[in-house]
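Just below is one structure, and these are the notes that go with it.
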Amino acid sequence: MRLLVSVFFCFLLCNCSKANEPSTYLEQVNAIYKANGSKRISNSVSSSFQSAVSDRDLRMLEQGISGFGEAKKRQELEKKIAEVERTQGSNSIALIPWLMQLYYCPQSVADSALTSRADPGLLERSLNITEAYLQGGKCSPGDASYIARFLTLRPVPGFRVTLDSRRIYESRSSESDKTEELAERMQRAIYKLRLISVGCDGISSLPALCAYLQGRGKGNEGVALYQSSCDFLEKLDAENKQQILLSLYPQYMSALQQIGQPSAAQDIKKKLEVIQAKQYDTQAARAQETLLLARKRAEVDPVGLVENLLSSAQVSLHQKKKTDALALYNEALNAYSSIPPEDDVSDVAESLWATVNLFLASAETKADESILYQLVDAFEKREASVKGRHRAQADIDGAVDRFTELHRTGDAIKFLRYVLEKRRKLRPGDAAAIQDITRRLQSLYSETGDFDKSEEFALDALKSAEMSKDEGVQLRALIDLATTYKAEHKFEGADATITKAVNIVLKSKNSQVVSEHGYALISWLIEDGKLKEAETIVRHAYDIAPSTNNGLPFLQHGVSQLLSAYQHQSKFSEPEALIDFLKNKDPLHANTWMPAENELYLAIARELKKNGKTAEVKAYLGKSKIVFDKQIAEIELRNLDRQYVDRLKKEREATLARFGFASAE
């Protein structure tokens, strides 16, 4: 009887214990908040991992297993997994680093891209071990830190992939539902691990999990997690809670909007504004103190004064004190203008543009945008006195883009013409800087259909370019003008302009200029059917290229276009001779042309087959095979994976079939 009572009592205890265990993910997260959410732990060392994974092993994992082909890497990893299983057991957390490295290790060189194939079972096993360890309630902050670190382990060197769950897992398997489930489990596990390892600091990573849940149609669960986390933080007495809430509230608002709760989102917005107001007040007080000191030190540190004025202006903007912000910004502009021209203040110029963009973002009237013109005045004046430092075109383009995005093309043109006037007046000899503006004006006028104005600015740019000795500037101006003529159907003018550009290229000894601008000319000439003229540019570019060139990447696509154009016209001797020329001129990059050479020989063989020239067909198929065998030999010489070779051979069969030689080899 006593035995029965004892057994029954144990049964009750066991069931009561299970009943008290958190069942839903939200309950599990809340339990972690309660247990250690207020802790702030960093740089914890895991005794479990230290005993299971040596320092040498950790270095190997951090750096990736290098020095082998893909197959060898996988063998080394599989050997290590077997060793850990033997010494630590099949559910040891020490397996996770090795399983995840094996998961990311390409099965062949052909897989070293986002479309790589991988065994989802490796990821699933890692997650099973992680979840079991978390459920046991024995996961220390140090262990949690290490597990999270290795679950998101950087892939082995040479395997380029982003740790964006949706893209990785959808691309890795056709079992979409299974891989989506694994991705979600991984996000959930990593969030719990971060909470355990760094306490409330880990809550800042919640948006990644909630965004993923939203994508999976579980937006309501994401909102519940946001609500629980914000409630916990709001009651928490932690130094950094305001900072975390500042990052969390906007995401929480967005999640509420997405599930159709705009009024709740407005309530969160009010909370956000209260915290922001306090933060801006604190920043304003601090900025006032530092600005006072910067003004005292202005003579010895003028850059420091400009930077502090800009910081204060930004704080005033956040506080919606636009008048104060504008006064501070004007003072910053004056201070910037007074800095001697020999001092390099490019970083200050970037800050000036960044602050202007803040002003523009909050602009309510066109008068508010006058600050943009004031900056142009200060900037162009300084650039005129700083020889050889041409900057900020990207910032000017950004301002123009803002006008066009607001469908204010007229204001964009007005702004550009103002900048152009300043540049012509203050630095008339800077043809490249002037051309940057005229090109943009030319483009805007073309978009509005005002081709007369577009041509006017294209001719103006050419006039400035011809006054300079910069061949690149001249070629760009000529190609732009030819493009404008073509849009206006002035084909004679376009042809004459391109002829001028071709003459400059063929006389030039500047390899970079010829390579960069030659491609545009080659494409133009091919479109006009002038293949021999295009080939002349190619040969000239390689004739003047230094022996240490990088393969002339700007020109390569144009050469490929030319080779294809010859084949489309059933001209085979010309491309064959051109490929021989390219290989002889640039033997270091001869392999670049192997695919084109292979296709050319097959195209010739196909043409010969139509004419019944069996012997010649066989000869060119043989040439094609020699090129392919060279390609394979080079891959094997570099000790790349055998599966890649097999894939290339399959592609070879498909190419042969495409050219009508399915059984040729």
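The values are calculated or read from the model by the stated rules, or taken from the named source; none is laboratory data. All values reported here derive from a predicted model rather than from experimental measurement. Here the Cβ is made from the backbone with ideal geometry for all residues, glycine too, and neighbour counts use every protein chain on show. Protein only, heavy atoms only, side chains kept; ligands, DNA and RNA dropped before computing areas. Shrake-Rupley method; radii C 1.70, N 1.55, O 1.52, S 1.80 Å.
Quick notes on this structure:
- The residue of region 445-455 that is most open to solvent (accessible area, probe 1.4 Å), among those that are farther than 24 Å from Ile522 by Cβ and either small (Gly, Ala, Ser) or under 34 Å from the mean Cα position of the chain (by Cα) (or both), is Glu447.
- Residue tally, condition in a loop (DSSP other than H, G, I, E, B) and either closer than 16 Å to Tyr485 by Cβ or open to solvent by less than 100 Å² (accessible area, probe 1.4 Å) (or both), over region 456-470: 2
- Any hit, region 292-304, residues being under 30 Å from Ala367 (Cα atoms) and surrounded by fewer than 16 Cβ atoms within 10 Å (Cβ to Cβ): yes
- Test: Thr355 is hydroxyl-bearing (Ser, Thr, Tyr), under 22 Å from Arg286 (Cβ atoms), out of contact with any Gly (no Cβ under 9 Å at 6 or more places or on another chain) and open to solvent by less than 10 Å² (accessible area, probe 1.4 Å): yes
- Residue match in region 233-241 (condition: in a helix (DSSP H, G or I), open to solvent by 80 Å² or more (accessible area, probe 1.4 Å) and in contact (Cβ under 8 Å) with a residue 24 or more places away in the chain): no
- Among the residues making up region 87-132, those that are part of a helix (DSSP H, G or I), open to solvent by 50 Å² or more (accessible area, probe 1.4 Å), of a type outside the set (Asp, Glu) and at pLDDT 90 or above are Arg125, Asn128, Ala132.
- Of the numbered criteria (1) farther than 30 Å from Pro341 by Cβ; (2) open to solvent by 30 Å² or more (accessible area, probe 1.4 Å); (3) more than 32 Å from the chain's Cα centre (by Cα); (4) at pLDDT 90 or above, the one Thr484 fails is (2).
- If you filter region 260-291 down to residues that are open to solvent by 90 Å² or more (accessible area, probe 1.4 Å) and acidic (Asp, Glu), you find that the one that is nearest to the chain's Cα centre (by Cα) is Glu273.
- Only residues that are surrounded by fewer than 16 Cβ atoms within 10 Å (Cβ to Cβ) and of a type in the set (Gly, Ala, Ser) were counted in region 305-340, giving 3.
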